[in-house]
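The values are calculated or read from the model by the stated rules, or taken from the named source; none is laboratory data. Everything numeric in this text was worked out from a predicted model, so none of it was measured. All Cβ positions, even for glycine, are placed from backbone atoms using ideal geometry, and neighbour counts span all protein chains on display. We work out accessible area using only protein heavy atoms, side chains counted, and drop any ligands, DNA or RNA first. Shrake-Rupley method; radii C 1.70, N 1.55, O 1.52, S 1.80 Å.
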Amino acid sequence: MATYRSVFDAAELRAQFNDAGINTKFMASIWKYVLQNPGCELDEIPYLPSSAYRLLRTKFKPFTSTVHSVFHSTDGVTTKLLVKLQNGAFVEAVIMTYDTRLGKYGGKPRLGGPRSTLCISSQVGCKMGCKFCATGTMGFKNNLTSGEIVEQLVHASLLTNIRNVVFMGMGEPLNNYTALVEAIRVMTGSPFQLSPKRITVSTVGIIHAINKLHSDLPGLNLAVSLHAPVQEIRCQIMPSARAFPLEKLMTALQTYQKNSQQKVFIEYIMLDGMNDEQQHAHQLGKLLETFQVVVNLIPFNPIGSSSQFRTSSDQKVSDFQKILRGTYNIRTTVRKQMGQDISGACGQLVVNLPDKRTRESTTLLTDIEDLRI
């Protein structure tokens, strides 16, 4: 059976159009039509050259992935999409609804209202093997194509208006660098028109990729999964840290910051007794005091009863935050827990059916991507 490419696979579509002498300006109108008519056949798209229809019919499909199932969390604000790929594998994407009015700007409540952030997967599984993350338990299966990455945004856009995109789903985005860059360029162009500053790429710290990220994708937000203030602890919870020593990573971030003139988000998962003591907060403060950063403390989300880690107490999280803010003047937020009952919370993405645990909160939340920095 022939394998079709996604029409959202920009590099492939561009190459085929160039080979056939078709003007690539038609690409955006094809995407716009599919976005507005998700059940369409490519033959139905109006005003294309006849050679384009022949090419599209034989090599491309409007979608190479399908939404297999949709799970709504009882928290009222989280929706998880289980997306089936052409090769039969599954990935997950999570929509989180936030309320901009909960944020403050210049000391005053912000205008606006509910809007959505989409958490996107870049790989099936992950090579990084972080011990606190469910996706790491799957091992690495394969990279997504740029089209499969963009299709997650298309699927989600059919459910709600997506304002922000975060690459914090399954996989290490910078290990699928070419497809990631291509997908983000599609998302920031017509018809999606997402602003780069509304897109955040999260990485464990792939140094050689960070070194070229700013020139390839200027204006985008970088989030680094640091999770420990010293190399030794980092290696214990993130085996991949051995390949990316903390000192070299911080040097790469310094260069990135100098070139981009943007703040960097630092993600830090709070693991009881492992990296959440006051001494760790001081070590982290010293490590980051020369940087312009926003630290996001993430309460650990258990991944089944076999987990070797425990969630830090609220008191420990609060003390940690106070040290970073008070002593080191580092902007520090605490990530709200969302979608735990559908295994859609941070670090819980692994392809399985959700259990029926319930959550009581139905409040709208303010999110890190909406901070004015």
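Odds and ends about this structure:
- Residues whose amide H falls under 5 Å from that of ASN142, counting only those 5 or more places apart or on a different chain, are VAL124, with hydrogens built in the peptide plane.
- Taking every protein chain into account, the accessible area of segment 1-104 amounts to 49 square angstrom per residue (probe 1.4 Å).
- Shape analysis of segment 124-279 places it in the prolate category; the axes a ≥ b ≥ c from the Cα gyration tensor give an a/c of at least 1.5, with a/b above b/c.
- One quarter of the convex hull surface built on the alpha carbon atoms of segment 19-165 amounts to 12.6 nm², the projected area averaged over directions.
- LYS263-ALA15 pseudo-label distance in nm [points 7 Å out on the Cα-to-Cβ vector]: 4.0
- Label separation (CYS235 vs SER313): 3.2 nm, computed from points 7 Å beyond Cα along the C-beta direction.
- Modelled FRET efficiency - R0 51 Å, ASN23 with GLU289, Cβ distances, 0.05 increments: 0.45
- ARG163 accessible area, assembled protein chains, probe 1.4 Å, Å²: 60
- By the rule of a C-alpha distance below 26 Å, with chain neighbours fewer than 8 residues away ignored, the lysines paired with LYS80 are LYS32, LYS61, LYS127, LYS131, LYS141, LYS197, LYS336, LYS356.
- Close amide H partners of ILE266, meaning residues 5 or more places away or on another chain with modelled amide H under 5 Å apart, are VAL224, VAL294, VAL295, ASN296.
- Separation between Cα centres of segment 122-151 and segment 4-63, rounded to whole Å: 28
- Among the protein heavy atoms of segment 81-232, carbon and sulfur supply 52% of the accessible surface, probe 1.4 Å, non-protein parts ignored.
- ³J(HN,Hα) computed for each position of segment 126-133 - Karplus, 6.51 cos²θ - 1.76 cosθ + 1.60, integer Hz, glycine/proline x: 7, 7, 6, x, 4, 6, 9, 10
- On full extension, the segment bounded by LYS322 and SER69 gains 87.0 nm, given 0.36 nm per residue less the C-alpha separation.
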